[in-house]
1. Can you report the number of residues in segment 183-198 which are in contact with a helix residue (DSSP H, G or I) (Cβ under 7 Å, 6 or more places away or on another chain) and not in a loop (DSSP other than H, G, I, E, B)?
2. Looking at segment 167-178, which of its residues are surrounded by 19 or more Cβ atoms within 10 Å (Cβ to Cβ) and in contact with a strand residue (DSSP E or B) (Cβ under 6 Å, 6 or more places away or on another chain)?
3. Which of the numbered conditions does residue 4 fail, given that it passes all the others? Conditions: (1) at pLDDT below 95; (2) farther than 30 Å from residue 179 by Cα.
4. Among the residues of segment 93-124, count how many are outside any helix (DSSP H, G or I), within 27 Å of residue 6 (Cβ to Cβ) and within 14 Å of the chain's Cα centre (by Cα).
5. Mind counting the residues in segment 57-92 that are within 18 Å of residue 17 (Cβ to Cβ) and more than 17 Å from the chain's Cα centre (by Cα)?
6. Can you pull out the helices (runs of 4 or more DSSP H) entirely within segment 1-92 that have at least 3 residues that are in contact with a helix residue (DSSP H, G or I) (Cβ under 6 Å, 6 or more places away or on another chain) and surrounded by fewer than 15 Cβ atoms within 10 Å (Cβ to Cβ)?
7. So, in segment 150-176, exactly how many residues are within 21 Å of residue 56 (Cα to Cα) and either in a strand (DSSP E or B) or within 14 Å of the chain's Cα centre (by Cα) (or both)?
């Protein structure tokens with residue numbers, strides 16, 4: 001395996017380089033809406049509004065307007081976004097993955113591929129220096145495509161000037177690893193620190 005097989009590492013952000021929990025924000029938002037907890041969670045985590053925002057098809061103002069209307073929020077934009085952003089936290093597995101990528105940078109091109117909205121990225125980039133280690137950030141809100149859309153993986157390969165067989169993909173979701181595999185990209189589901197040993201073995205020169 002190793003260098004002769006791969007020249008690029010494609011890595012996810014959430015639950016790989018940093019963990020997140022939308023329920024942190026949900027619990028705080030509940031104080032400002034008559035909606036139930038699951039309604040708020042579904043809106044934040046898995047709704048058409050969030051998808052539009054992550055694809056850059058609506059801007060932060062329009063996203064907030066739709067959220068406020070749906071949740072009947074008794075708060076304004078400046079109160080909402082600090083809560084919306086306060087869902088991230090680092091764990092030991094995140095730190096170890098970041099350290100691994102910093103070391104791997106000398107041998108591989110690093111590409112970040114993430115379903116991410118503009119607000120969360122602007123928030124995180126002031127707090128995470130790992131972004132600077134990547135050769136390219138392929139963010140859904142900038143390219144207009146979310147995983148598992150094949151186009152976002154193609155953008156990652158193009159940005160690295162590599163082919164599918166030369167890229168190795170790390171993500172915490174099995175369905176997204178499988179989507180990339182359809183394009184010929186090998187990968188692994190990152191589900192804890194133990195996975196790092198498998199990654200190192202696969203990428204060992």
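1. Going through segment 183-198 one residue at a time, the tally reaches 5.
2. 167, 168, 169, 170, 177
3. Condition (2) is where residue 4 drops out.
4. First, the residues of segment 93-124 that are outside any helix (DSSP H, G or I): 105-117.
Now drop any that are not within 27 Å of residue 6 (Cβ to Cβ), which leaves 105-116.
If we keep only those that are within 14 Å of the chain's Cα centre (by Cα) too, we end up with 111-116.
Within segment 93-124, residues that are outside any helix (DSSP H, G or I), within 27 Å of residue 6 (Cβ to Cβ) and within 14 Å of the chain's Cα centre (by Cα) number 6.
5. So in segment 57-92, the residues within 18 Å of residue 17 (Cβ to Cβ) come out as 85-92.
With more than 17 Å from the chain's Cα centre (by Cα) added as a condition, the list becomes 92.
Counting residues in segment 57-92 that are within 18 Å of residue 17 (Cβ to Cβ) and more than 17 Å from the chain's Cα centre (by Cα) gives 1.
6. Ranges flagged: none.
7. 4
The values are calculated or read from the model by the stated rules, or taken from the named source; none is laboratory data. As the structure is a prediction and not an experimental result, all values here were calculated from the model. FYI the Cβ positions are ideal-geometry reconstructions off the backbone, even for glycines, and counts take in every protein chain you see.
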